[in-house]
Amino acid sequence: PGIKVHSKIALVKKQQKENAINYSILSTGNFNETTAKFYTDHILLTTDAIIGNELQRLFKFLGERRLPISTNELKFKKLLVSQFNMIQRFNELIEKEISKQKRGMPALIRIKLNNLEEQEMINSLYKASREGVKIQLIIRGICCIIPSLEELSENIVVKRIVDRYLEHSRIFIFGLADDCEVMIGSADWMNRNLYRRIEVCVPIDDEACKKELIDY
């Protein structure tokens, strides 16, 4: 009661003699055989121990059926979980690109969402644009950011893809070179998603998987 869970996560634990392996599944879309035929989504399947442990703690918390008391109650190092650390982590990644730009290094933010409406995140992108960071957005639905305004959003480009399939994946790429940070997840940047729901995003560490998402 009182918790809207919008994250698309699953956890399978396999016991091998004395050892237990967590198979973590984190998706940008629902596990739904109907929408899977015409939605584009991405899924990560991983045995990463940190992700598995953090996902297990999140499931335990959800199993207790209560709202978070404070962001200190659950600590997440890898996962980005709304109502806990998601907004803070995204703002840190934006600030990192601003810092690169100020030092004369290549800086770039690429984000693909269904909807962009939450004002704090919009203001963070405006700030990055004013500092000279190039920002490329692919927003399928609601978009409350205004691109190409002088001295506010002149470094922001917004595009929309309308094609055979419904674009549903949420992808976040911060940086240009090999050290860029890539993540996928369930969260659009909307007030309800970031403040009133449980959403989960996950960093992609594997170089081949990162390259696949960047090429996409």
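The values are calculated or read from the model by the stated rules, or taken from the named source; none is laboratory data. Only a predicted model underlies this, so the values are computations on that prediction, with no experimental measurement involved. Ideal geometry is used to build each Cβ from the backbone, glycine not excepted, and the neighbour counts take in all protein chains shown. All accessible areas refer to the heavy atoms of the entire protein, side chains included, with ligands and DNA or RNA removed. Shrake-Rupley method; radii C 1.70, N 1.55, O 1.52, S 1.80 Å.
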Can you tell me which of PHE38, PHE61, PHE84 is open to solvent by 60 Å² or more (accessible area, probe 1.4 Å) and of a type in the set (Phe, Trp, Tyr)?
PHE38
Which condition from (1) touching a Lys or Arg at 6+ places or on another chain (Cβ under 6 Å); (2) modelled with pLDDT of 95 or more is the one that ILE135 breaks?
(1)
Counting only residues in the stretch 170-186 that are within 26 Å of LYS100 (Cα to Cα) and among the small types (Gly, Ala, Ser), the one surrounded by the fewest Cβ atoms within 10 Å (Cβ to Cβ) is identified as ALA177
GLU181 being out of contact with any strand residue (DSSP E or B) (no Cβ under 8 Å at 6 or more places or on another chain) and modelled with pLDDT of 95 or more:
no
Counting only residues that are without any contact (Cβ under 8 Å) to a residue 12 or more places away in the chain and open to solvent by less than 10 Å² (accessible area, probe 1.4 Å), how many does the stretch 202-216 have?
0
Given (1) in contact (Cβ under 8 Å) with a residue 40 or more places away in the chain; (2) open to solvent by 10 Å² or more (accessible area, probe 1.4 Å); (3) of a type outside the set (A, V, I, L, M, F, W, C), where does GLU199 come up short, assuming only one miss?
(2)
Can you name the residue in the stretch 14-37 that is over 21 Å from the mean Cα position of the chain (by Cα) and touching a residue at least 12 places away in the same chain (Cβ under 8 Å) and is also nearest to LEU79 (Cα to Cα) among such residues?
ASN22
Can you tell me which residue in the stretch 26-35 is nearest to ILE161 (Cα to Cα), limited to those that are open to solvent by less than 40 Å² (accessible area, probe 1.4 Å) and not polar (S, T, N, Q)?
GLY29
Quick one: would you say GLU151 is farther than 20 Å from ARG170 by Cβ, open to solvent by 30 Å² or more (accessible area, probe 1.4 Å) and at pLDDT below 95?
yes
Being open to solvent by 50 Å² or more (accessible area, probe 1.4 Å) and under 21 Å from ILE98 (Cβ atoms) is the filter here, so list the residues in the stretch 131-143 that pass it.
GLU131, LYS134, GLN136
Looking only at the stretch 95-103, decide whether some residue is hydrophobic (A, V, I, L, M, F, W, C), at pLDDT 95 or above and either touching a strand residue (DSSP E or B) at 6+ places or on another chain (Cβ under 7 Å) or surrounded by fewer than 18 Cβ atoms within 10 Å (Cβ to Cβ) (or both).
no
